[in-house]
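Trainee: The structure that follows is given in the form of structure tokens.
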Amino acid sequence: MATSAPLPPPPLGTTTSTSKQRSNYTRIGRLLTDIGTRVLRGVLDSHHPPASLQKHINSPAVNSTLKKLRAKRVLNTQQWSKLYPPAPGVPSSTTFDITLLFLLLRNTCGLTPPTTGWDAAPPPADVSKEADLIRVKRCRNEITGHSTAAELSDADFETHWAEIEAAMIRLGG
């Protein structure tokens, strides 16, 4: 296995801003992963408490929806195994990541899509549960899912932090 050469040090004079930008990225990533996952889990648990989650997932309508999502490869094998663990296992929202939680909320909890739909940014005035779920998902995808560098400017950090924090508070976090 070939080893890659170490990354060169940053140019002189850029270390502080790069370190700050990396810190911003890490802080937002932790907010989304740690707190965001907990908040979305709380929303799912409020719709389907842990004691009834298996019954919900196994209901014919939800099972059919999840099978269709699996066939379309929206739901992957790892996610499927968390929803349908081998016996005697039972599904637990504590094992679901933010992506799976959002998928379940969007597709199995009877939520109404905002006027802009599930994939577009909701207008700032829309502070519905659904719009806030989308805000968390979009920020997560934009910042940590589709980023080309583990850095975030101070201005972007402040904007995203305020948006994510407000959405999470409204969602019960």
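Trainee: Select from segment 32-51 the residues that are small (Gly, Ala, Ser) and surrounded by 12 or more Cβ atoms within 10 Å (Cβ to Cβ) and write down the one among them that is farthest from Glu163 (Cα to Cα).
Mentor: So the residue we want is Ser46.
Trainee: May I ask you to list the residues in segment 88-126 that are farther than 22 Å from Ser52 by Cβ and either aliphatic (A, V, I, L, M) or under 15 Å from the mean Cα position of the chain (by Cα) (or both)?
Mentor: Listed by number, the residues that qualify are Thr99, Trp118, Asp119, Ala120, Ala121, Ala125.
Trainee: Give segment 97-125 a look and list any residue that's closer than 20 Å to Lys72 by Cα and of a type in the set (A, V, I, L, M, F, W, C), or say none.
Mentor: Listed by number, the residues that qualify are Ile98, Leu100, Leu101, Phe102, Leu103, Leu104, Leu105, Cys109, Trp118.
Here's the yes/no breakdown for (1) over 30 Å from Arg22 (Cβ atoms); (2) out of contact with any Lys or Arg (no Cβ under 8 Å at 6 or more places or on another chain); (3) acidic (Asp, Glu); (4) at pLDDT 95 or above:
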| site | (1), (2), (3), (4) |
| --- | --- |
| His56 | yes, yes, no, yes |
| Ser59 | yes, yes, no, yes |
| Ala71 | yes, yes, no, yes |
| Leu75 | yes, yes, no, yes |
| Tyr84 | yes, yes, no, yes |
| Phe102 | no, no, no, yes |
| Asn107 | yes, yes, no, yes |
| Leu133 | no, no, no, yes |
| Ser147 | no, yes, no, no |
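Trainee: Inside segment 27-130, counting only helices (runs of 4 or more DSSP H) that do not spill past its ends, which hold 3 or more residues that are without any contact (Cβ under 8 Å) to a residue 24 or more places away in the chain? Working first, answer last.
Mentor: Values: elements: 37-47, 50-58, 60-71, 77-83, 98-108.
Of the helices (runs of 4 or more DSSP H) lying wholly inside segment 27-130, those with at least 3 residues that are without any contact (Cβ under 8 Å) to a residue 24 or more places away in the chain span 50-58, 60-71, 77-83.
The values are calculated or read from the model by the stated rules, or taken from the named source; none is laboratory data. Quick caveat, the model's predicted, so the values are computed rather than measured. Here Cβ is always computed from backbone atoms with ideal geometry, including for glycine, and neighbour counts include all displayed protein chains.
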